[in-house]
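Novice: Here's a structure for you.
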Amino acid sequence: MKRLVWSALVLATTAACATPVAGKPVAGQVTTAQADAEVVRWMNNFCGVANYLGASGGFTLGTPPTDPAEAKKSLSTSLGRVVDVLNVAVHDLDELTPAPVAAADTAVEVILEPLSKARDKFVLAKSTVDEAPELTLDIFGAVNQHLTEAVTMMNDGVEQVGLVSLPDDFREAADQAENCTK
């Protein structure tokens, strides 16, 4: 499930950088126009969040320990890592607004809103584990419900990302932004 969550995050953040192009390719003169430095900086930070989420998504819950106390601790630690990653991503996305061009704020909002809600559900799942004297089937069911809702919120964000695109000058700036060309 955790890999699905991170796959959704990576897709959500990187999909905003991609835009479908209609028509047929036509040979033409190649130019390398320099994008506005502020737009390049913004795109570098935007893609940096996507890179961070992708790099942070490589851990899994693994097989829970058989000792109930260790299982509770392990689950809490794993959920804490997810919350920490999402806290950084939400903070960094929030810092991108206002964008140099207001139209780019939509791309951030489409990702930020469901990511924030998903983070809140992960926080709720972690606090449910932490506040429980022991992991019972009821507690595990509640945690699973919070995780299911978090994944659903992220999937909703991914679907919404397909509905918006960055302005042309931002897509052009991506070619000059180090974090976007990795």
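Novice: Net charge around Asp36, counting only other residues with Cβ within less than 15 Å of its Cβ (Lys, Arg = +1; Asp, Glu = -1)? It would help to have the intermediate numbers written out before the result.
Specialist: Working: positive: Arg41, Arg171; negative: Glu38, Asp168, Asp169, Glu172, Asp175.
With Lys, Arg at +1 and Asp, Glu at -1, the neighbours total -3.
Novice: Checking the table Lys126/Lys182; Lys73/Lys117; Lys72/Lys117; Lys72/Lys182 against a 29 Å threshold on Cα-Cα, which pairs fail?
Specialist: Flagged as over cut-off: Lys126/Lys182; Lys72/Lys182.
Novice: Next up: Counting only other residues whose beta carbon sits under 12 Å from that of Leu135, what net charge do I get with K and R as +1, D and E as -1? Let's see the in-between values first.
Specialist: Values: positive: Lys72, Lys73; negative: Asp67, Glu70, Asp130, Glu131, Glu134, Asp138.
Within the 12 Å Cβ shell, the charges total -4.
Novice: Just to make sure I understand: if all protein chains stay in place, what is the order of Phe140, Phe122 by accessible area at 1.4 Å, largest first?
Specialist: On the way: Phe140 115, Phe122 10 Å².
Largest accessible area first, the residues go Phe140, Phe122.
Novice: For Lys126, tell me the accessible area in Å² from a 1.4 Å probe, rounded to the nearest 10.
Specialist: 50
Novice: Convert each backbone phi in the range 74-85 into a coupling constant with the Karplus relation 6.51 cos²θ - 1.76 cosθ + 1.60 (shift: θ = phi - 60°), then list the ³J(HN,Hα) values in order as whole Hz, x for Gly and Pro.
Specialist: 5, 5, 4, 5, 5, 5, x, 5, 4, 4, 4, 4
Novice: Can you sort Leu124, Leu166 by 1.4 Å-probe accessible area, starting with the largest? Walk me through the numbers before you get to the answer.
Specialist: Values: Leu124 70, Leu166 5 Å².
The residues order as Leu124, Leu166, largest area first.
Novice: Grab the beta carbon distance between Lys182 and Thr66, set R0 = 35 Å, and tell me the FRET efficiency rounded to 0.05. Numbers along the way, then the final one.
Specialist: Working: r = 41 Å, r/R0 = 1.17.
Working from the Cβ atoms, E equals 0.30.
Novice: Here's another thing I want to ask about it. Can you list the chymotrypsin sites (Phe, Trp or Tyr not before Pro) in the range 37-110 that are in a DSSP coil and have 14 or fewer other beta carbons within 10 angstrom? Please list the in-between numbers first.
Specialist: Numbers: sites: Trp42, Phe46, Tyr52, Phe59; in loops: Phe59.
Those that pass, being in a loop and sparsely packed, are Phe59.
The values are calculated or read from the model by the stated rules, or taken from the named source; none is laboratory data. Quick caveat, the model's predicted, so the values are computed rather than measured. Don't worry about glycine lacking a Cβ; one is built from the backbone with ideal geometry, like all the others, and counts go over all protein chains shown. In case anyone asks, the SASA skips ligands and DNA or RNA and just uses the protein heavy atoms, side chains included. Shrake-Rupley method; radii C 1.70, N 1.55, O 1.52, S 1.80 Å.
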